[in-house]
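Read the structure below first, then the notes.
The values are calculated or read from the model by the stated rules, or taken from the named source; none is laboratory data. On a predicted model such as this, the values are computed, not experimentally measured, just so you know. Ideal geometry is used to build each Cβ from the backbone, glycine not excepted, and the neighbour counts take in all protein chains shown. Side chains included, ligands, DNA and RNA excluded: accessible areas come from the protein's heavy atoms. Shrake-Rupley method; radii C 1.70, N 1.55, O 1.52, S 1.80 Å.
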Amino acid sequence: MIMWFAGLILLIVKLAVVLGFLLFLAAYLVWVERKFLARLQIRYGPNRAGRYGLLQPIADTVKMLTKEDTIPDGADKGLFCLAPAVVAMTAMLMFAVVPFGPELSVFGRKVPLVITDLNIGLLFVFALSSLGVYGVALGGWASNSKYSLLGGIRGAAQMISYELALGLSLVPIVMLARSFSVVDIVQAQERYPFILVQPVAFVIFMISAMAESKRIPFDLPEAENELVAGFHTEYSGIRFGLFFLGEYVHMQVLGALVAVLFLGGWRGPFLPPPVWLFIKIILVVLFMIWTRGTLPRLRYDQLMTLGWKMLIPLALLNIVVTGAVVLF
Amino acid sequence: MPTQGLLFDFLAVALYLLVGVVFAVVPLILSSLIVKRSMGAKREETYESGMQTIGSAWIQFTVAYYIYALIFLAFDVDVLYLFPVALVYGSYPMRDLVEVLIFVGILSLAIVYAWCKGVFEWQHQK
């Protein structure tokens, strides 16, 4: 019983640390993105609140907290309120299976540095990423606004299409690691990270991940010059804040997934494991911001063509080729 | 009670969910306590570029999105079968490879069919 409580307390500590870090980083990613994007466009970016604009995330939070949030006339109230929470929650929950270090040994107790090592970790991630679609589709539909509706259905169609490519690109990884558990997958990359043996899967995963996060060049669900703000046009105040938080947490989670599935997770010389994971996440996120600063938005048919005619067949081919190579 | 095992794993997920809900709900409550409420008839109108809102948004939209949802359904269920296969892949080397080839081959036919049917072309309404 005492052991059980000790385990529970340990779990709560890990939860607090991970969630705190996740939310703190989400707030500062906004700053990083604005600053980095500004530099790419030869601007200064935020530089009024605090030195280098470092207090900007706090100012933004306070502003969102104090803004009135309205529910539009004729909206489906329940779903309208639920949607931002779904987006934020699914993004946060995905982090539960990401390991941030090897198993530690404290006072003779084994402490795995992961919130929970589910033996179906990858399926858990897919399930949550599918649930995330609901947040976008329902949020857009429930607003009862034309822009939101268009954004919502665009988002739904785009996300389910790219989810296929996302899932298929990971089948070879499961073949190599022989496990769904994310901890085991990191373990399997002891000798070399999977990006070296699965470059095609890496590229497919990276593109689909960017499409899943609905960022430029795949930001059609919120294309601001045609749909105002897309699926979250009618959201204001802290509810909009939740959508925003969800987006940035999602970016981190995708960064973390790329890191653990392809870049060897927490492995790396000299520095402590969590630092390595952090560096890899930041590198992936910076790459996503850089892409945003470089590429224009795709047209909708181009988006679907890329997903269905290129990525999915390529992913299927990759499965067969990997299957053959693994055997011989 | 065990500190390892499936039950504890999902307890962790449940706890995570709970803490996450708290993180999401606290700002909502906090915000509802401190925001100023404005009054006015137009306050809750949906945004339509400054024009007066015309009608409801819950109208018909192009069927193309729906078709994507349909092929996704057909495809995704099949793709799920690939995962358990990948897990035990290599137990019977030659047989596994041939079976995966057959499965992926049939799966690809779904895409070929949709491709030939022109599902992936964006059709403009006349």
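Each label was represented as a point 7 Å from its Cα along the Cα-to-Cβ direction; for A:PHE24 and B:SER108 these points are 5.0 nm apart.
In summary, the helical segments of chain A meeting the span-like criteria, namely a full DSSP H run, a Cα extent along the axis of 20 angstrom or more and a mean Kyte-Doolittle hydropathy of at least 1.0, are A:2-40, A:77-93, A:121-142, A:146-177, A:237-262, A:273-294, A:312-327.
Which residues of region A:165-204 show a drop of at least 30 Å² in accessible area when all protein chains are present, compared with their chain alone (probe radius 1.4 Å, heavy atoms only, ligands and nucleic acids excluded)? Residues losing area: A:LEU168, A:VAL171, A:VAL174, A:MET175, A:ARG178, A:PHE180.
Expressed as a whole percent, the accessible surface of chain A that belongs to carbon and sulfur atoms is 70, based on a 1.4 Å probe. Accessible surface of A:VAL325, taken over heavy atoms with a 1.4 Å probe and every protein chain present, rounds to 90 Å².
Here the contact order of region A:114-223, divided by its residue count and restricted to Cα pairs under 8 Å and six or more residues apart, works out to 31 percent.
The Cα-based radius of gyration of region B:63-116, divided by its Kirkwood radius, gives an Rg/Rh of 1.10. The fraction of accessible area contributed by carbon and sulfur in region B:2-44 is 76 percent, rounded to a whole number (1.4 Å probe; ligands and nucleic acids excluded). Taking 21 Å as the straight-line reach from the Cα of A:LYS14, the lysines in range (excluding those fewer than 8 positions away in the same chain) are A:LYS110, A:LYS280.
Computed over chain A, the Cα gyration tensor eigenvalues convert (square root of 5λ each) into semi-axes of 32, 26, 20 Å, ordered from largest to smallest. Full extension of the chain between A:LEU104 and A:ILE120 gives 3.5 nm of extra length, using 0.36 nm per residue less the Cα-Cα distance.
Close amide H partners of A:VAL111, meaning residues 5 or more places away or on another chain with modelled amide H under 5 Å apart, are A:LEU104, A:SER105, A:VAL106.
Taking label positions 7 Å along the Cα-Cβ direction at both A:LEU283 and B:VAL63, the computed distance is 4.9 nm, reported to one decimal. A 1.4 Å probe run over chain B, with the rest of the protein chains in place, finds 69 Å² accessible per residue.
Shielding by partners for peptide B:81-94, expressed as the average number of C-beta atoms from other protein chains within 10 Å of each residue's C-beta, is 5. The B-A contact accounts for roughly 6900 square angstrom of buried accessible surface, both chains included, probe 1.4 angstrom.
Dividing the radius of gyration of the alpha carbons in chain B by their Kirkwood radius gives 1.18 for Rg/Rh. A quarter of the convex hull surface defined by the alpha-carbon atoms of region A:51-150 gives 11.0 nm² as the mean projection.
Per residue of A:48-57, other chain Cβ atoms within 10 Å of the residue Cβ number 0 on average. Peptide packing: for A:169-181, A:88-100, the average count of neighbouring Cβ atoms within 10 Å per residue gives the ranking A:88-100, A:169-181, highest mean first.
When the alpha carbon coordinates of region B:2-44 are projected onto the principal axes, the ranges are 58, 18, 6 Å, largest first. Run the numbers on chain A and let me know its relative contact order in percent, using alpha-carbon pairs under 8 Å that are six or more apart. Dividing the mean separation by the residue count of chain A yields 23 percent.
Within 10 Å of the Cβ of each residue in B:22-32, the mean number of Cβ atoms contributed by other protein chains is 5. Rolling a 1.4 Å probe across the protein heavy atoms gives chain A an accessible surface of 40 Å² per residue.
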